[in-house]
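Below is one structure, written out as structure tokens; comments come after it.
The values are calculated or read from the model by the stated rules, or taken from the named source; none is laboratory data. Keep in mind that what you see is a predicted model, and the values were worked out from it rather than measured. All Cβ positions, even for glycine, are placed from backbone atoms using ideal geometry, and neighbour counts span all protein chains on display.
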């Protein structure tokens, strides 16, 4: 698929590379990848989470733009009859946008003690210490908790989301992780 005619052709080249690399990683043995991650390479998990958050933002932006302009005749003509492959199925674009809405983030409670406002109330160092203690130093559980806080607050409260990123760095520092 050649995109050199577009002014933003690197957008498409980067998108192709992301898709190619994601597909390669996705096709690898999950147990092998998990073993590698558990050997002190949780930074890779963090990077995938951040990449997903970035991709979500770009994707949501384009979906909102398409929805916003879908009432105009030009964009309606562009979308009508367009098909995409989604999870191995070929579907029309309108059904794709509906399916994607169903896949939005959902809150998951963990088996860790209830935070009771600690994420908001504690300072960065104290929150990092509390997370390490309540999650028994398990970086994956800590990262999961923080990533969820970031994902659900990045749009409404970016300052709070930034605090969670700083807490993640402090946890790594306290656990002496890279």
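Yes or no, residue by residue, for (1) outside any helix (DSSP H, G or I); (2) farther than 30 Å from residue 176 by Cα:
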site: 14; (1), (2): no, yes
site: 22; (1), (2): no, no
site: 34; (1), (2): no, no
site: 40; (1), (2): yes, no
site: 46; (1), (2): no, no
Q) Is at least one residue of the stretch 95-113 surrounded by 11 or more Cβ atoms within 10 Å (Cβ to Cβ), more than 21 Å from residue 50 (Cα to Cα), at pLDDT 65 or above and in contact with a helix residue (DSSP H, G or I) (Cβ under 7 Å, 6 or more places away or on another chain)? A) yes
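Those residues that are part of a loop (DSSP other than H, G, I, E, B) and either buried (at least 21 other Cβ atoms within 10 Å of the Cβ) or out of contact with any helix residue (DSSP H, G or I) (no Cβ under 6 Å at 6 or more places or on another chain) (or both), I need them from the stretch 128-152; list them, please. Show your work before the answer.
Taking the stretch 128-152 as the starting set, the residues that turn out to be part of a loop (DSSP other than H, G, I, E, B) are 135-138.
Answer for the stretch 128-152, where residues must be part of a loop (DSSP other than H, G, I, E, B) and either buried (at least 21 other Cβ atoms within 10 Å of the Cβ) or out of contact with any helix residue (DSSP H, G or I) (no Cβ under 6 Å at 6 or more places or on another chain) (or both): 136, 137, 138.
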(Q) I'm told residue 49 meets every condition in (1) within 20 Å of the chain's Cα centre (by Cα); (2) at pLDDT below 55 except one. Can you identify the failing condition by its number? (A) (2)
(Q) Looking at the stretch 156-163, can you tell me whether even one residue there is within 22 Å of the chain's Cα centre (by Cα), in a helix (DSSP H, G or I) and buried (at least 18 other Cβ atoms within 10 Å of the Cβ)? (A) yes
Q | The one condition in (1) loosely packed, with under 11 Cβ neighbours inside 10 Å; (2) in contact (Cβ under 8 Å) with a residue 60 or more places away in the chain that residue 49 fails to fulfil | A | (1)
